[in-house]
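Nothing in this text is a laboratory measurement; each read-out follows from the coordinates by a stated rule. Every value quoted in this text rests on a predicted model; they were computed, and no experiment measured them. Note: ideal-geometry Cβ built from the backbone for every residue, glycine included; neighbour counts use all protein chains shown.
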Protein chains: 2
Amino acid sequence: MRWTDTLIPTLRDDPLEAEIASHKLMLRAGLIRKLAGGLYTFLPLGLRALRKVERIAREEMDRAGALEILMPALQPREIWEQSKRYAVMGETMYRLQDRQKRDLVLGPTHEEVVTDLVSREISSYRQLPKIFYQIQAKFRDEIRPRFGLMRAREFIMKDAYSFDVSMEAADASYQRMYNAYRRIFDRCGLTTRIVEADTGAMGGKLSHEFMALADSGEDGLVECDSCSCAANLERAERGFLPTPLFPDAGESPLVVPTPGARTIEQVAAFFGCEPRRLIKTILYLVKGEPVAVLAPGDREINEHKLARALETADVTMADPRAIETVTGAAVGFAGPVGLQAPIYADTALKGYAGAISGANRTDAHMTRVCLERDVRVAGYLDLCAARDGDPCPRCNGKLREKRGIEVGHVFKLGAKYSDAFGASYVPDDGRRRAMVMGCYGIGVTRTLQAVIEQNHDDKGINWPMSVAPYHAVVLVLNPAHAASLQTAQDLAQNLDASGVETVLDDRNDRPGVKFADADLIGFPLRVVVSERSLAKNSVELKQRTQPSPELVPIADAARSVGDIVHARS
Amino acid sequence: MRWTDTLIPTLRDDPLEAEIASHKLMLRAGLIRKLAGGLYTFLPLGLRALRKVERIAREEMDRAGALEILMPALQPREIWEQSKRYAVMGETMYRLQDRQKRDLVLGPTHEEVVTDLVSREISSYRQLPKIFYQIQAKFRDEIRPRFGLMRAREFIMKDAYSFDVSMEAADASYQRMYNAYRRIFDRCGLTTRIVEADTGAMGGKLSHEFMALADSGEDGLVECDSCSCAANLERAERGFLPTPLFPDAGESPLVVPTPGARTIEQVAAFFGCEPRRLIKTILYLVKGEPVAVLAPGDREINEHKLARALETADVTMADPRAIETVTGAAVGFAGPVGLQAPIYADTALKGYAGAISGANRTDAHMTRVCLERDVRVAGYLDLCAARDGDPCPRCNGKLREKRGIEVGHVFKLGAKYSDAFGASYVPDDGRRRAMVMGCYGIGVTRTLQAVIEQNHDDKGINWPMSVAPYHAVVLVLNPAHAASLQTAQDLAQNLDASGVETVLDDRNDRPGVKFADADLIGFPLRVVVSERSLAKNSVELKQRTQPSPELVPIADAARSVGDIVHARS
């Protein structure tokens, strides 16, 4: 492909709209363009790379025995009512009406459609197991679309759904998908961590996320520095934390005026103590009723962990008015002693004595608090987010905190959807039973961007060969020099014919511009044809990953390039 | 692929929801399933065939130098306001709001997005010409979705857009796409006619439709039996029609009471004359003002032709109240003599004398009408649809009426969109000028169904090799017979390895069911492995198009099948 025949609108400067490296690079290298917030057009180069990620996903799905289908993006309201998710999906799901005023939605995911399909088309255990997948545009009305393809409103997803006769069989399907996902991300050149994760609106019993490690990632995770334990921060457990010893427990709590000291920092400064000596008291409404949750002053309560520990999704922070009603004090002075509400404490507080808390009086705190002596704690639960340095719950190692981009997610769903849609089968010998399901998703467009986030330097993208839009660029230093242009054209043609996808940079631009663009776009291989190299009957060959080029005889160039592409593919 | 590992839910009976053969067959052969009106899921076999049509379209687009991109389906209202089509698209365009209450639409087509893109990214004549295309789901809220994929609410389209420096250059791009479309439909095994067509809501100056001929087609077309002239009925011109001679012109019209005779049939019966002696008088509102349009009693006025002849899109039938106000009579008795409205007549009425029309009095008609003597005709225009047997407008041939399925449409757009979006370029020497555009569309899903509509018999589908979901089925007559199953498995594996896409029918079903399914699905090649054939060290090979099988030695079977696939691809 000649550069001048395609459209590669590279940008010299970082676009204002982009915050993270991969987003800047996708715009600067001319891979995508923004139509509106969270809506992007793929330009020729971006689409080529995207198709390669899709192809890798397709090959691994097929290899795992999954069957490709294609379901509508537009879906009738009724099936979402049937799964009871029409309300649950909230504002994230786009809703619209057709000309007959019938309600439709734009599919954010396809459990409903596929389970409805399977309930009609599969009825015998002989037809199971089955895994269906599709690669298709999904739509989600994100509160805050950002980071380019990372959090877009329309994006390409590879989603898959498994149907099995039993939990054990479903576990095997889950493992097949899990393994296929590992291969997919490996082949895309991504470094991922597989972490235990929350199931959220999807429901189900167990899930794993595939996290592409990146400092810019929106998700937090911890992994043990010693064993294989890893989890999303929303879910991560910690090992046992030893109880710190504080002086001055006294015989009973003591109220101390602390005018104006509301925050942990202010109170710790007032008492001249470490923040962890404070007991943070947060009021939540759980199913509408006030519940107090306690944490050490230096830790944060994680609402996902709290909701899971209390076994309900109906957990919200209490508003100031509710706090004042329950504590009888202004916001900032809540404490557990004498509080009229059920009280749950993080396990790290077990044995706390001589601690400091709010006094349920405005402008006052309480010292000498001993939880076991002074407070009726309904339960010690794992409520605070794990953090760097915490002990691993499974071994003697320490947890390390990392950031990641969620590129894949696998769920064990159980029978939630098969029950709702009557997706069942008749065993050889018995009564009709619900199929056991799993669902599996890869954010294909997000994966593409994660590859760039992990593979770039200050000059531009550094594509893995497997997903590079083109393998090589043949750069004619001076297209006005007929012999250069001819040699470059012949070489590009030979490369294309041998399966090396090649762009011929035939632009009448300064060499500096062309070199910079080659690095920015990140072609894995660059061949430069110049008058100087031609004088030596050679061309200059350089890999994007290497510091400097080497001279290669023209006659050997196509073979050399082909060998490298082959070796790195 | 083993039959039992995939999902091919064939149906014995015609589904009630389907009216035309291809729709019935797509359901019966297990290619698609309906989710809701106009919304279909592609099952594994249907998706394979669809991908082949897509691949053919992609190859021919690439060969023609078009660049593949991918634009969002979700689009902001603003760009549709900019092209002034937000209102024009009416209820056909799905509209929705995001959580910030901003208006969005689901793209029924992409002129707006692509022209906006080009206006930002291309500014020099050196970057032109360019043709962009995409293959993507489109959304249209059809009044009456029907015939399966023929008129669906979500469907796959291959759309393309050309940008050129001049009308002449745009003509060349148009011709490139026109030729590419011919190749695409040829390769898909479709018999098409290319007809002149209306430009409709797309705007622009000239367009051609690619019509797959089929009796069930929703579109009418005429083509000359002698020259290459062909057009959509909405646009087709006719050659000169000789004026019929009627007796009894008299000296002036004569009012005759015709109580209860309103329709052409009733009036012709009353007078005992041919319908064509009657002058049909239809009242329209053109830009809100009444206009009378005359046609011979045996012909229909075509509103598309009328609108084009009057150079406005604002043409609607007058309602009964307006008719009564203008004619002073009940509906059914309008006539041109003395009518207070501008009067246009179809050219076939030129020279009409001794004709019969309404009298603008309830229950009365008028005989002895001579148009030139009695009526002030504002213009004789080509207003009636052409029909079978009409003279060709270009040669001495006769027009033949056919039905067709519109599978492709190419438009010369001029500068309508480039003006709206400022898509312009600076020539070497001069002032900024608007780009000249063309747009081009293939209904990919509709094309797939048209292939079936044209290629089936009473047993099922008869796929062209190029788009068949699989090339061959290897049918094991009795899977319980170990040698049969082993031979069939080996053969299927050999075929797959040699690039022949094969299904191994390993079901424990009666041979009759398996033979019927093979014909229904329409595998181009069928190989039967039976105990009887194995006794002769052979298998039975049959092409779907041939009446009977031939015995082929097992050792030669893979090569024979491969040769046929190769020859027919």
Item to check | Extension gain, B:Glu91 back to B:Asp186 (0.36 nm per residue minus Cα-Cα distance, nm) | outcome: 30.7 nm
Item to check | Sparse-neighbourhood loop sites, trypsin sites (Lys or Arg not before Pro) in the range A:378-430 - DSSP loop, at most 14 other Cβ within 10 angstrom | outcome: A:Arg394
Checklist outcome for this item: In whole Hz, the Karplus estimates of ³J(HN,Hα) for the range A:216-222 (6.51, -1.76, 1.60; θ = phi - 60°; x where Gly or Pro) are 7, x, 7, 9, x, 8, 10
Checklist entry - Can you pull the percent of Cα pairs in the range A:168-299 with separation above 20 Å? => result 67
Checklist entry - For the range A:362-444, what is the Kirkwood hydrodynamic radius in Å, using each pair of distinct C-alpha atoms? => result 19.2
Item to check | lysines whose Cα lies under 17 Å from that of A:Lys350, excluding same-chain neighbours fewer than 8 positions away | outcome: A:Lys280
Checklist outcome for this item: Looking along the axis that carries chain B onto chain A, the residue of B whose Cβ comes nearest, with distance in whole Å, is B:Leu96, 2
Checklist outcome for this item: One decimal, nm, nearest first: from B:Glu142 to the same residue in each other copy, label points 7 Å out along Cα→Cβ, the values are 3.4
Checklist entry - Counting only residues 5 or more places away or on other chains, whose amide H sits under 5 Å from the amide H of B:Ser424 once H atoms are built in the peptide plane? => result B:Met435
Checklist entry - Between copies, how far does the label point of A:Arg12 sit from its twins, in nm, shortest first, when each point is 7 Å from Cα along Cα→Cβ? => result 7.5
Checklist outcome for this item: In order over the range A:121-131: 3J(HN,Hα) from phi, Karplus 6.51/-1.76/1.60, θ = phi - 60°, whole Hz, x for each Gly or Pro, gives 9, 10, 9, 10, 4, 5, 8, 10, x, 9, 10
Item to check | Hz values of 3J(HN,Hα) by residue in the range B:137-146 - Karplus curve (6.51, -1.76, 1.60), Gly and Pro given as x | outcome: 6, 10, 10, 9, 7, 5, 4, 9, x, 6
Checklist outcome for this item: Most exposed first, judged by fewest Cβ atoms within 10 angstrom, B:Thr6, B:Thr263 run B:Thr263, B:Thr6
Next on the checklist: Given axes a ≥ b ≥ c from the Cα gyration tensor, I'd like to know whether the range B:470-568 is rounded (a/c under 1.5), prolate (a/b larger than b/c) or oblate.
Outcome noted: rounded
Next on the checklist: Per-residue Cβ counts within 10 Å, from other chains only, averaged over A:26-37: what number is that?
Outcome noted: 3
Checklist outcome for this item: In Å, the Kirkwood hydrodynamic radius from C-alpha pairs for chain B sits at 27.4
Checklist entry - Cross-link list A:Lys416/B:Lys101; B:Lys84/B:Lys130; A:Lys138/A:Lys305; A:Lys138/B:Lys158; A:Lys305/A:Lys402: which exceed 21 angstrom alpha carbon to alpha carbon? => result A:Lys416/B:Lys101; B:Lys84/B:Lys130; A:Lys138/A:Lys305
Checklist entry - What list do you get for A:Arg193, B:Arg2 if you sort them by fewest beta carbons within 10 Å? => result B:Arg2, A:Arg193
Checklist entry - Shortest first, in nm, what separates the label point of A:Arg432 from those of the same position in the other copies (7 Å along Cα→Cβ)? => result 6.7
Checklist entry - Nearest 10 degrees, 0 to 90: what angle lies between the long axis of helix A:444-454 and the longest principal axis of chain A (Cα atoms)? => result 90
Checklist outcome for this item: Between the residues A:Gln340, A:Phe523, A:Ala329, the Cα farthest towards the positive end of the dipole of chain A, that dipole coming from +1 and -1 charges on the beta-carbon of Lys, Arg, Asp and Glu, is from A:Phe523
Checklist outcome for this item: For the range A:107-249, the convex hull over Cα atoms projects on average to an area in nm² of 13.7
Checklist outcome for this item: Listed by chain and number, the residues whose amide H is under 5 Å from that of A:Val256, excluding neighbours fewer than 5 places away on the same chain and using placed H, are A:His365, A:Met366, A:Thr367
Item to check | Peptide-level mean, for A:88-97, of C-beta atoms on other protein chains within 10 Å | outcome: 3
Checklist entry - Over the range B:30-77, what is the mean sequence separation of C-alpha contacts under 8 Å (at least six apart), divided by residue count, expressed as relative contact order in percent? => result 22
Checklist outcome for this item: Computed D for the range A:59-163, Stokes-Einstein, Kirkwood radius over alpha-carbon pairs, 37 °C, 0.692 mPa s, to the nearest µm² per second, is 217
Next on the checklist: As I understand it, the value is the acute angle between the Cα axis of helix A:554-568 and the longest principal axis of the Cα atoms of chain A; what does it come to in degrees, rounded to 10?
Outcome noted: 20
Checklist entry - How are the C-alpha pair distances of the protein assembly as shown spread across 10 Å bins, as whole percents from the shortest bin up? => result 2, 8, 14, 17, 18, 15, 11, 8, 5, 2, 1, 0, 0
Item to check | Signed unit charges on C-beta, dipole axis of chain B, positive-most listed residue B:Gly220, B:Tyr174, B:Ala137 | outcome: B:Ala137
Item to check | the range A:448-495: relative contact order in percent, alpha carbon pairs under 8 Å with at least 6 residues between | outcome: 20
Checklist entry - Can you list residues whose amide H is under 5 Å from B:Leu39's amide H, if they're 5+ apart or on another chain and H is modeled 1.01 Å from N? => result B:Arg153
Next on the checklist: Pairwise over distinct Cα atoms, reciprocal of the mean inverse distance: report the Kirkwood radius of the range A:254-381 in Å, one decimal place.
Outcome noted: 14.4
Checklist entry - Over all residues in A:62-73, what is the mean tally of Cβ atoms on other chains that come within 10 Å of each residue's Cβ? => result 6
Next on the checklist: What does the C-alpha gyration tensor say about the overall shape of the range A:203-261? Classify as rounded when a/c is under 1.5, otherwise prolate if a/b is larger than b/c, or oblate.
Outcome noted: prolate
Item to check | Taking B:His208, A:His365 and counting other C-beta atoms within 10 Å, the order from fewest to most | outcome: B:His208, A:His365
